[in-house]
1. Which of the residues belonging to region 74-92 are over 14 Å from residue 41 (Cβ atoms) and not in a helix (DSSP H, G or I)?
2. From the set of residues in region 210-266 that are at pLDDT below 90, buried (at least 18 other Cβ atoms within 10 Å of the Cβ) and in contact with a Pro (Cβ under 9 Å, 6 or more places away or on another chain), which is nearest to residue 78 (Cα to Cα)?
3. On the given criteria, is residue 99 in a loop (DSSP other than H, G, I, E, B), of a type in the set (A, V, I, L, M), at pLDDT 95 or above and in contact with a helix residue (DSSP H, G or I) (Cβ under 6 Å, 6 or more places away or on another chain)?
4. Might you check whether a residue that is within 18 Å of residue 204 (Cα to Cα), in contact (Cβ under 8 Å) with a residue 60 or more places away in the chain, outside any helix (DSSP H, G or I) and not small (Gly, Ala, Ser) occurs anywhere in region 54-73?
5. If you go through region 189-207 one residue at a time, how many are in contact with a Phe, Trp or Tyr (Cβ under 8 Å, 6 or more places away or on another chain) and over 15 Å from residue 244 (Cα atoms)?
6. Please verify whether region 241-263 includes one or more residues that are closer than 27 Å to residue 59 by Cβ and more than 15 Å from the chain's Cα centre (by Cα).
7. Here are some residues: 95, 99, 72, 142. Which one is surrounded by fewer than 24 Cβ atoms within 10 Å (Cβ to Cβ) and either in contact with a Gly (Cβ under 6 Å, 6 or more places away or on another chain) or on the phi > 0 side of the Ramachandran plot (or both)?
8. Output the strands (runs of 3 or more DSSP E) that fall wholly within region 150-240 and possess 2 or more residues being within 25 Å of residue 39 (Cβ to Cβ) and aromatic (Phe, Trp, Tyr), or say none.
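The values are calculated or read from the model by the stated rules, or taken from the named source; none is laboratory data. All figures in this text were calculated on a predicted structure; none of them were measured in a lab. Quick reminder, even Gly has a Cβ in these numbers, built from the backbone with ideal geometry, and neighbours come from all protein chains shown.
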Amino acid sequence: MPIRHLRHLWSIIAYSWRAIGPRRIATRLLAYSTDADARAADSGFDARFGTDTTTGLTPVEAALPAARRRGATMYLPSMDADLDAMLTALAWPDALLRAATFVDVGSGKGRALFLAAMRPFRATRGVELSPVLHAIAERNLAIMRRHRALAAPIELELGDATALAVPPGPLVLYLYHPFREPIAAKVIDRVVAAVAARPRPAAILYGHPTLQRPLDDDVFCRGGMFRRCHAGARVTRSFRIGWSIWTNQAWLVDVPGAPAALAVGA
(Lines give C-alpha, C1' and ligand atoms only; values in the text may rest on other atoms or scores of the structure.)
Protein backbone atom coordinates (compact mmCIF):
# COMPACT_ATOMS: atom_id res chain seq x y z
CA MET A 1 0.00 0.00 0.00
CA PRO A 2 1.44 3.45 -0.92
CA ILE A 3 2.62 5.62 1.95
CA ARG A 4 -0.01 8.28 1.23
CA HIS A 5 -2.78 5.67 1.55
CA LEU A 6 -1.38 4.47 4.86
CA ARG A 7 -1.26 8.05 6.13
CA HIS A 8 -4.85 8.62 5.02
CA LEU A 9 -5.98 5.43 6.76
CA TRP A 10 -4.19 6.36 9.97
CA SER A 11 -5.68 9.87 9.85
CA ILE A 12 -9.19 8.41 9.53
CA ILE A 13 -8.61 5.98 12.41
CA ALA A 14 -7.29 8.73 14.67
CA TYR A 15 -10.14 11.06 13.74
CA SER A 16 -12.80 8.37 14.24
CA TRP A 17 -11.41 7.43 17.64
CA ARG A 18 -11.76 11.02 18.83
CA ALA A 19 -14.94 12.04 17.04
CA ILE A 20 -17.06 8.92 17.24
CA GLY A 21 -15.59 7.23 20.28
CA PRO A 22 -14.28 3.71 20.85
CA ARG A 23 -17.56 2.38 22.25
CA ARG A 24 -19.65 3.38 19.21
CA ILE A 25 -16.94 2.21 16.84
CA ALA A 26 -16.81 -1.14 18.60
CA THR A 27 -20.58 -1.64 18.56
CA ARG A 28 -21.31 -0.36 15.03
CA LEU A 29 -18.16 -1.01 13.01
CA LEU A 30 -19.18 -4.49 11.85
CA ALA A 31 -22.59 -3.25 10.70
CA TYR A 32 -20.98 -0.30 8.95
CA SER A 33 -18.31 -2.39 7.24
CA THR A 34 -20.92 -4.77 5.80
CA ASP A 35 -23.42 -2.09 4.73
CA ALA A 36 -22.23 -0.71 1.38
CA ASP A 37 -25.14 1.73 1.10
CA ALA A 38 -24.29 3.28 4.46
CA ARG A 39 -20.67 3.80 3.37
CA ALA A 40 -21.63 5.17 -0.05
CA ALA A 41 -20.04 8.49 -0.97
CA ASP A 42 -19.74 8.16 -4.74
CA SER A 43 -23.04 9.17 -6.33
CA GLY A 44 -21.64 9.09 -9.85
CA PHE A 45 -21.26 12.88 -9.81
CA ASP A 46 -17.49 12.79 -10.38
CA ALA A 47 -17.77 10.25 -13.19
CA ARG A 48 -20.35 12.45 -14.88
CA PHE A 49 -18.40 15.69 -14.71
CA GLY A 50 -14.76 14.74 -14.10
CA THR A 51 -14.68 16.51 -10.73
CA ASP A 52 -13.10 15.47 -7.41
CA THR A 53 -15.78 15.53 -4.69
CA THR A 54 -15.86 11.98 -3.31
CA THR A 55 -12.74 11.23 -1.25
CA GLY A 56 -13.06 12.20 2.41
CA LEU A 57 -10.48 14.26 4.29
CA THR A 58 -9.97 14.56 8.03
CA PRO A 59 -9.49 17.99 9.66
CA VAL A 60 -5.73 17.33 9.79
CA GLU A 61 -5.57 16.37 6.10
CA ALA A 62 -7.68 19.42 5.25
CA ALA A 63 -5.09 21.66 7.00
CA LEU A 64 -7.62 23.30 9.28
CA PRO A 65 -6.10 25.61 11.89
CA ALA A 66 -5.04 23.55 14.90
CA ALA A 67 -7.34 25.51 17.21
CA ARG A 68 -10.37 24.52 15.12
CA ARG A 69 -9.69 20.85 14.46
CA ARG A 70 -11.33 19.54 17.62
CA GLY A 71 -14.57 21.33 16.82
CA ALA A 72 -14.55 20.38 13.14
CA THR A 73 -15.71 17.21 11.46
CA MET A 74 -14.32 15.15 8.60
CA TYR A 75 -15.14 16.21 5.05
CA LEU A 76 -17.61 13.77 3.53
CA PRO A 77 -19.64 14.58 0.42
CA SER A 78 -23.40 14.97 0.45
CA MET A 79 -25.25 12.36 -1.55
CA ASP A 80 -27.32 13.76 -4.40
CA ALA A 81 -30.44 11.91 -3.28
CA ASP A 82 -30.21 13.30 0.25
CA LEU A 83 -30.06 16.91 -0.90
CA ASP A 84 -32.86 16.27 -3.41
CA ALA A 85 -35.01 14.82 -0.62
CA MET A 86 -34.42 17.86 1.59
CA LEU A 87 -35.21 20.40 -1.13
CA THR A 88 -38.29 18.45 -2.15
CA ALA A 89 -39.53 18.38 1.44
CA LEU A 90 -38.83 22.11 1.82
CA ALA A 91 -41.17 22.63 -1.15
CA TRP A 92 -40.47 26.29 -1.73
CA PRO A 93 -42.15 27.44 -4.96
CA ASP A 94 -39.96 28.39 -7.90
CA ALA A 95 -40.71 32.07 -7.40
CA LEU A 96 -39.27 31.93 -3.89
CA LEU A 97 -36.27 29.85 -4.94
CA ARG A 98 -35.50 32.40 -7.66
CA ALA A 99 -35.32 35.07 -4.96
CA ALA A 100 -33.33 32.94 -2.50
CA THR A 101 -29.63 32.41 -1.85
CA PHE A 102 -28.41 28.91 -1.04
CA VAL A 103 -25.49 29.03 1.41
CA ASP A 104 -23.47 25.87 2.06
CA VAL A 105 -21.68 26.31 5.38
CA GLY A 106 -18.60 24.12 5.32
CA SER A 107 -18.88 23.63 1.57
CA GLY A 108 -15.87 21.32 1.25
CA LYS A 109 -15.14 20.26 -2.32
CA GLY A 110 -18.40 21.79 -3.54
CA ARG A 111 -20.67 18.90 -4.51
CA ALA A 112 -23.78 20.11 -2.62
CA LEU A 113 -23.18 23.64 -3.87
CA PHE A 114 -22.99 22.49 -7.48
CA LEU A 115 -26.16 20.44 -7.08
CA ALA A 116 -27.94 23.48 -5.65
CA ALA A 117 -26.66 25.68 -8.47
CA MET A 118 -28.38 23.38 -10.95
CA ARG A 119 -31.66 24.67 -9.49
CA PRO A 120 -33.26 28.08 -9.97
CA PHE A 121 -31.74 29.84 -6.95
CA ARG A 122 -30.93 33.53 -7.24
CA ALA A 123 -27.40 32.74 -6.09
CA THR A 124 -25.40 30.03 -4.35
CA ARG A 125 -22.50 30.52 -2.00
CA GLY A 126 -20.06 28.21 -0.23
CA VAL A 127 -18.04 29.08 2.86
CA GLU A 128 -15.10 26.83 3.72
CA LEU A 129 -12.34 27.21 6.33
CA SER A 130 -9.96 24.61 4.86
CA PRO A 131 -7.56 26.00 2.23
CA VAL A 132 -7.10 22.47 0.89
CA LEU A 133 -10.81 21.85 0.35
CA HIS A 134 -11.34 25.38 -0.97
CA ALA A 135 -8.65 24.91 -3.61
CA ILE A 136 -10.22 21.63 -4.73
CA ALA A 137 -13.63 23.30 -4.89
CA GLU A 138 -12.23 26.06 -7.09
CA ARG A 139 -10.83 23.49 -9.51
CA ASN A 140 -14.14 21.66 -9.51
CA LEU A 141 -16.02 24.89 -10.17
CA ALA A 142 -13.88 25.57 -13.24
CA ILE A 143 -14.79 22.10 -14.52
CA MET A 144 -18.50 22.64 -13.87
CA ARG A 145 -18.41 25.94 -15.71
CA ARG A 146 -16.79 24.30 -18.71
CA HIS A 147 -19.68 21.83 -18.73
CA ARG A 148 -22.16 24.74 -18.51
CA ALA A 149 -24.07 22.66 -15.99
CA LEU A 150 -24.94 25.45 -13.57
CA ALA A 151 -28.11 27.53 -13.64
CA ALA A 152 -27.33 29.81 -10.69
CA PRO A 153 -24.28 31.97 -9.94
CA ILE A 154 -21.74 30.49 -7.51
CA GLU A 155 -19.39 32.21 -5.08
CA LEU A 156 -16.74 30.26 -3.19
CA GLU A 157 -15.38 31.92 -0.07
CA LEU A 158 -12.36 30.84 1.94
CA GLY A 159 -13.45 31.99 5.37
CA ASP A 160 -14.71 31.30 8.86
CA ALA A 161 -18.38 30.34 9.19
CA THR A 162 -18.54 31.96 12.63
CA ALA A 163 -18.06 35.30 10.84
CA LEU A 164 -20.66 34.46 8.18
CA ALA A 165 -21.97 37.47 6.27
CA VAL A 166 -25.62 36.49 5.89
CA PRO A 167 -26.86 37.56 2.44
CA PRO A 168 -30.06 39.61 2.03
CA GLY A 169 -33.30 38.12 0.76
CA PRO A 170 -34.77 34.65 1.29
CA LEU A 171 -32.20 32.19 2.59
CA VAL A 172 -31.57 28.44 2.48
CA LEU A 173 -28.71 27.49 4.79
CA TYR A 174 -27.21 24.03 4.26
CA LEU A 175 -25.10 22.17 6.81
CA TYR A 176 -23.85 18.65 6.26
CA HIS A 177 -22.60 18.24 9.82
CA PRO A 178 -19.52 20.43 9.19
CA PHE A 179 -18.72 21.03 12.85
CA ARG A 180 -19.90 20.41 16.40
CA GLU A 181 -22.32 22.33 18.63
CA PRO A 182 -20.18 25.29 19.81
CA ILE A 183 -19.36 26.43 16.27
CA ALA A 184 -22.81 25.56 14.91
CA ALA A 185 -24.41 27.67 17.64
CA LYS A 186 -22.36 30.71 16.61
CA VAL A 187 -23.41 30.28 12.99
CA ILE A 188 -27.10 29.96 13.87
CA ASP A 189 -26.87 33.01 16.15
CA ARG A 190 -25.58 35.08 13.22
CA VAL A 191 -28.40 33.87 10.98
CA VAL A 192 -31.05 34.58 13.63
CA ALA A 193 -29.71 38.11 14.18
CA ALA A 194 -29.59 38.87 10.45
CA VAL A 195 -33.09 37.56 9.75
CA ALA A 196 -34.51 39.31 12.81
CA ALA A 197 -33.08 42.59 11.52
CA ARG A 198 -34.59 42.00 8.04
CA PRO A 199 -37.46 39.51 8.27
CA ARG A 200 -37.66 37.14 5.27
CA PRO A 201 -38.20 33.43 4.64
CA ALA A 202 -35.29 31.34 5.91
CA ALA A 203 -34.68 27.61 6.15
CA ILE A 204 -31.93 25.42 7.53
CA LEU A 205 -31.27 22.06 5.85
CA TYR A 206 -29.22 19.79 8.09
CA GLY A 207 -27.88 16.35 7.22
CA HIS A 208 -25.44 14.16 9.09
CA PRO A 209 -23.25 11.15 8.28
CA THR A 210 -23.88 7.64 9.46
CA LEU A 211 -21.82 7.04 12.58
CA GLN A 212 -21.42 10.51 14.06
CA ARG A 213 -23.82 11.86 16.66
CA PRO A 214 -26.06 14.55 15.13
CA LEU A 215 -26.19 18.10 16.42
CA ASP A 216 -28.60 18.72 19.29
CA ASP A 217 -31.97 20.20 18.31
CA ASP A 218 -31.29 23.07 20.72
CA VAL A 219 -28.68 24.41 18.30
CA PHE A 220 -31.32 25.11 15.66
CA CYS A 221 -33.86 26.49 18.14
CA ARG A 222 -31.57 29.27 19.38
CA GLY A 223 -33.37 32.60 19.48
CA GLY A 224 -36.78 30.95 19.04
CA MET A 225 -36.88 31.65 15.30
CA PHE A 226 -36.63 28.22 13.68
CA ARG A 227 -38.84 25.19 14.16
CA ARG A 228 -38.36 21.75 12.70
CA CYS A 229 -40.93 21.19 9.97
CA HIS A 230 -39.63 18.03 8.28
CA ALA A 231 -37.36 15.11 9.06
CA GLY A 232 -36.38 12.11 7.00
CA ALA A 233 -33.67 9.57 6.37
CA ARG A 234 -32.06 7.43 3.72
CA VAL A 235 -32.53 3.94 5.09
CA THR A 236 -29.88 1.29 4.52
CA ARG A 237 -29.68 -2.25 5.84
CA SER A 238 -28.36 -1.20 9.25
CA PHE A 239 -28.64 2.60 9.44
CA ARG A 240 -30.89 5.62 9.02
CA ILE A 241 -28.87 8.47 7.52
CA GLY A 242 -30.96 11.33 8.76
CA TRP A 243 -31.75 14.91 7.85
CA SER A 244 -34.03 17.64 9.13
CA ILE A 245 -35.43 20.94 7.90
CA TRP A 246 -35.98 23.98 10.08
CA THR A 247 -37.89 27.06 8.91
CA ASN A 248 -38.98 30.41 10.34
CA GLN A 249 -42.49 30.19 8.86
CA ALA A 250 -44.30 30.34 12.22
CA TRP A 251 -42.02 33.11 13.45
CA LEU A 252 -42.70 35.24 10.36
CA VAL A 253 -46.46 35.03 10.91
CA ASP A 254 -46.02 36.70 14.29
CA VAL A 255 -43.65 39.44 13.13
CA PRO A 256 -45.48 42.79 13.13
CA GLY A 257 -45.34 44.38 9.70
CA ALA A 258 -43.84 41.37 7.91
CA PRO A 259 -45.31 41.14 4.40
CA ALA A 260 -47.95 38.44 4.22
CA ALA A 261 -46.34 36.97 1.13
CA LEU A 262 -43.17 36.25 3.08
CA ALA A 263 -45.00 34.31 5.77
CA VAL A 264 -46.91 32.26 3.21
CA GLY A 265 -43.79 31.67 1.10
CA ALA A 266 -41.77 30.26 3.97
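1. From region 74-92, those over 14 Å from residue 41 (Cβ atoms) are 84-92; that's our starting set.
Hits for region 74-92 are 91, 92.
2. 241
3. Values: in a loop (DSSP other than H, G, I, E, B): yes; of a type in the set (A, V, I, L, M): yes; at pLDDT 95 or above: yes; in contact with a helix residue (DSSP H, G or I) (Cβ under 6 Å, 6 or more places away or on another chain): no.
Considered against the rule, which asks whether it is in a loop (DSSP other than H, G, I, E, B), of a type in the set (A, V, I, L, M), at pLDDT 95 or above and in contact with a helix residue (DSSP H, G or I) (Cβ under 6 Å, 6 or more places away or on another chain), residue 99 comes out as no.
4. Checked region 54-73: no residue is within 18 Å of residue 204 (Cα to Cα), in contact (Cβ under 8 Å) with a residue 60 or more places away in the chain, outside any helix (DSSP H, G or I) and not small (Gly, Ala, Ser).
5. Kept after step one, since they are in contact with a Phe, Trp or Tyr (Cβ under 8 Å, 6 or more places away or on another chain), are these residues of region 189-207: 192, 201-207.
So of that shortlist, the ones also over 15 Å from residue 244 (Cα atoms) come out as 192, 201.
Of the residues in region 189-207, 2 are in contact with a Phe, Trp or Tyr (Cβ under 8 Å, 6 or more places away or on another chain) and over 15 Å from residue 244 (Cα atoms).
6. No: region 241-263 contains no residue that is closer than 27 Å to residue 59 by Cβ and more than 15 Å from the chain's Cα centre (by Cα).
7. Details: 95 fails: either in contact with a Gly (Cβ under 6 Å, 6 or more places away or on another chain) or on the phi > 0 side of the Ramachandran plot (or both); 72 fails: either in contact with a Gly (Cβ under 6 Å, 6 or more places away or on another chain) or on the phi > 0 side of the Ramachandran plot (or both); 142 fails: either in contact with a Gly (Cβ under 6 Å, 6 or more places away or on another chain) or on the phi > 0 side of the Ramachandran plot (or both).
Only one candidate passes the filter, namely 99.
8. The qualifying strands (runs of 3 or more DSSP E) are 171-176.
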